[in-house]
Amino acid sequence: MAISAARVENPDIKIKLNTVVNAHNFIEDLSNLIEVIAPEKWKVFRALLATTDALLVSDQNFSEFVKCHEHLEHIMRVENNDTMLASYLMVDPLGRFFDNSVCLRSKEYCYSDPIHEVGAKKAFYQITFYENAFNARYAADLLTAEDLK
């Protein structure tokens, strides 16, 4: 397994695993796989509406997936759709920032002008980005052992 080889090569490597829960995998029990991979963090996302709603899962199905894996809560970070909106800084293949602040309603993303044409600062201000939501996602990861005493 490539992860085992990576750990041999670098014993300090930190593995983070992302899973998007969708209509094809919400019934899966990934416990054995997650335990074999043994990531530092496992992020569980709920599929967002994009150009079609074919991959969406209901609130109940998403909750059941999370509950099935609750024994892994020490590494699992769950992000429902509301916590993901406009809280990731994303760049598309054309070099534009884009955000999903309206995609739940319109099935579309908002794009900036290309960064290489207008500069990062101007392009950044053309999208919606919720800095507090972004920071809240990582606040727990920034705690040290001293913080927990």
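The values are calculated or read from the model by the stated rules, or taken from the named source; none is laboratory data. Since the structure is predicted, the reported quantities are computational estimates derived from the model, not experimental observations. Cβ placement follows ideal geometry from the backbone for every residue including glycine, while neighbour counts extend to all protein chains displayed.
Residues are listed down the side, and each one gets a yes or a no for (1) in contact (Cβ under 8 Å) with a residue 24 or more places away in the chain; (2) within 18 Å of the chain's Cα centre (by Cα):
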position: Asn22; (1), (2): yes, yes
position: Phe26; (1), (2): yes, yes
position: Asp29; (1), (2): yes, no
position: Leu33; (1), (2): no, no
position: Glu40; (1), (2): yes, yes
position: Val57; (1), (2): yes, yes
position: His69; (1), (2): yes, yes
position: Leu72; (1), (2): yes, yes
position: Ile75; (1), (2): yes, yes
query: Going by the structure shown, is His74 surrounded by fewer than 18 Cβ atoms within 10 Å (Cβ to Cβ), more than 28 Å from Lys41 (Cα to Cα) and modelled with pLDDT of 85 or more?
result: no
query: Quick check: is even one residue across region 104-114 at pLDDT 85 or above, surrounded by 15 or more Cβ atoms within 10 Å (Cβ to Cβ) and of a type in the set (Gly, Ala, Ser)?
result: yes
field: In region 1-25, the residues that are surrounded by 10 or more Cβ atoms within 10 Å (Cβ to Cβ), of a type in the set (Val, Ile, Thr) and assigned to a helix (DSSP H, G or I)
entry: Ile3
